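Below is one structure, written out as structure tokens; the observations come after it.
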Amino acid sequence: MLQLVIGNKNYSSWSMRPWVLMRQFGIAFDEVKLRFDSFAPDSAFHRALAPYSPVGKVPVLRVAGQPVWDTLAIAETLADLHPELPLWPRESMQRARARSLCAEMHAGFSALRSHCPMNIEAALPAVGARVLAAEPGVRRDLARIDAMWGEQLAAGGGPFLFGEFSIADAYYAPVVARIRCYALPLSAPARGYADRLWASPGVAAWVEGALAERDFLDFEEPYRSGPA
């Protein structure tokens, strides 16, 4: 049995990606959720994580007791373990493009990630409006995401980025969480895609778990002093 080690579902965007992917495709796994208390080296979180990971970060996929860390490495490992599943698009150039979209998310959009941290439970439209007005980097990131989604949906015909649900969609699920939390504007095609992704079984299951946590962590909450 595979074992996936994650952080709080409400906040951990990196954990969300492989969890959603595995749930969406029916890949069986045991979940180990470690509560964030702080990210200091001596925190309870890091002490609990130490037996699972050599790098001190989540998510971690354990395969026959061996750790696989980094979401791209986890995605590729799952694709290797389950060649019968279309985790990547079947056609070679579409796979290449899907990998490019994932790599862009993996390495980019730092302004959006910094100024709009994932918080599934919260609704912060006023914060979103202020961030958009004040941060040109966030506007650029959002424009690129909107254009990317629209272009890919037009090329592939939807309903997801490459027709069927794939690793690329799991990768952008936390972006949809941010867009919803901060009420960030999208074009109609991108908004439709975001709504479909949010309603997909894997994402919906993660959101249900996030809302059930009811665990307010002040160091993850730059814009609130307490839950609504």
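Quick note: the coordinates plus some simple rules give every number you see, no bench work behind them. As the structure is a prediction and not an experimental result, all values here were calculated from the model. For neighbour counting, all protein chains shown are included, and Cβ atoms are generated from backbone atoms with ideal geometry for every residue, glycine included.
Some observations on this one:
- Simple spin-label estimate for A107 and V63 gives 2.3 nm between the two label positions (7 Å along the Cα-to-Cβ direction from each Cα).
- When peptides 163-171, 129-137 are sorted by average Cβ neighbour count within 10 Å, with the highest value leading, the order is 163-171, 129-137.
- Over the chain, relative contact order from alpha-carbon pairs under 8 Å, at least 6 apart, %: 26 percent
- Three-way shape call for the range 122-209 based on the alpha-carbon gyration tensor, with the a/c threshold at 1.5: oblate
- Anisotropy class of the chain from Cα gyration tensor, a/c 1.5 cut: oblate
- Nearest-0.05 FRET efficiency for S225 and S100, computed from C-beta distance (R0 45 Å): 0.65
- Inter-label distance for V32 and A129, nm, one decimal - labels placed 7 Å from Cα along Cα-to-Cβ: 4.6 nm
- DSSP-defined antiparallel bridges as percent of all bridges, the range 1-98, nearest 5: 60 percent
- If R0 is 30 Å, the Cβ-Cβ spacing of R191 and E84 corresponds to a FRET efficiency of close to 0.35.
- Across the range 25-31, coupling constants 3J(HN,Hα) worked out from phi with the 6.51/-1.76/1.60 Karplus curve, θ = phi - 60°, read 9, x, 7, 5, 7, 8, 8 Hz, and Gly and Pro carry x.
- Three-way shape label, the range 4-88, alpha-carbon gyration tensor, a/c 1.5: prolate
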